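Here the structure comes first, spelled out in structure tokens, and everything after it is commentary.
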Amino acid sequence: MITLDQARQGGLGRRPVERLVREGHWLRVVDGLYAMRSGELPWLSLAWGGVLLGGEGSRVGGTAAGHLFGMVETPPRTVQLWIPGDRRRVDQDPWTFRREEAGERLRSIGTPPRTTIEDTVLDLCAVHDEAGMVDVVTRAVQSRLTSARQLRRRLSQRTRVRGRRFLETLLADVEEGAQSKLELEYFRNVERAHGLPRGRRQVRAGSSVRDVLYEEWDTIVELDGRRGHQGVGRFRDMARDNVATLSGAATLRFGWHDTVGEPCAEAVMLETVLRGRGWTGHIHACRRCAGWPRWKSAC
């Protein structure tokens, strides 16, 4: 991708450029912007084209930046560009331009230049409901693109953020070690909601990683959000559970349906195991514990 000004700096004026277009060597994308190739343009070329149209200091943002980071799977039809606040650009398909306020974002990274991963995550959260925010944040942290601490720091620096209070609570919970949506559901609706002791998250044991470890009571909770979990992965999990059993640890394995659909029953099961191993506490009813006596008697 090249602008007419860049071509001139390289010694090509408008007439030679137009000849290259007529002969099919180059492609005119919009007035003043050319692709040094023919045929359909890949999405990445469009992203670069938007940066060139935006000028110095421009960067890819929003869902387009999310795609560059691997956070958004499908390339967005519209490429969003953030440009310095003292500049004006008219939107033209497939680009939209947003003027930044002074100091709104401190830096850009990568090639093509884009908003930082922290700003990108927060911008993606701004176009989602609360469930979508959970998905965006946990995927970013689980993929090790950023951390809850870094996201909280950036959130505190931004003046206008949609859903700030929810994000602050969410990031505090993720910083406790819940790295996936399922782990977050377990932490909030099983462990914390019922007054269970706080387990350690993502504990390495040899070549394995335990999702939740209640070390004092030698109890492990493994959370499996996969559907139709079969084959090699299933036997790997079985072997890991067997090793834990041989070492004397109790292992409970819960899936998405257990944790999201029946968190109260799950809490009762865990209480039973922990009390059998010396925990002297008691769980308490949460706001979802309708029919609580039935759960207690069932266990």
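Rule-based calculations on the coordinates, nothing more; no lab input. What you see is a predicted model; the values in this text were computed from it and never measured. Counting neighbours? That spans all protein chains shown, and the Cβs are built from the backbone with ideal geometry, glycine included.
Please give the FRET efficiency for ALA172 paired with TRP43, using the beta carbon to beta carbon distance and R0 = 51 Å, rounded to the nearest 0.05. That gives a FRET efficiency of 0.90. Axis of helix 263-276 versus longest Cα principal axis of the chain: the two differ by about 50°, to the nearest ten degrees.
Extension gain, VAL30 to THR272, is 80.3 nm, computed as 0.36 nm per intervening residue step minus the present C-alpha separation. Dividing the summed helix terms, -39500 (n - 2.57) for each DSSP H run of n ≥ 4, by the number of residues in the chain produces a 222 nm estimate of -12000 deg cm²/dmol to the nearest 500. Between ASP5 and ASP93, the modelled labels are 2.7 nm apart [label points 7 Å from Cα along Cα→Cβ].
Taken as Cα centroids, the stretch 1-20 and the stretch 43-87 sit 23 Å apart, rounded to the nearest whole angstrom.
Rounded to the nearest 10 degrees, the angle from helix 164-175 to the longest Cα principal axis of the chain is 60 degrees.
When the chain is treated as a Gaussian network with alpha carbon springs shorter than 10 Å, the biggest mean-square fluctuation among GLN150, GLN142, GLN92 belongs to GLN92.
Take every Cα pair under 8 Å whose residues are at least 6 apart in sequence, average their separation, divide by the length of the chain, and the relative contact order is 10 percent.
Across the stretch 42-175, the relative contact order, built from alpha-carbon pairs under 8 Å that are at least six residues apart, equals 19 percent. Which residue, PRO16, PRO113, PRO76, has the most motion in a Gaussian network model of the chain that connects Cα atoms within less than 10 Å? So, out of PRO16, PRO113, PRO76, the one fluctuating most is PRO16.
Packing-based ranking of 8-15, 117-124 yields 117-124, 8-15, ordered from highest to lowest mean Cβ neighbour count within 10 Å. Each peptide in 173-183, 158-168 was scored by the mean count of other Cβ atoms within 10 Å over its residues; highest first, the order is 173-183, 158-168.
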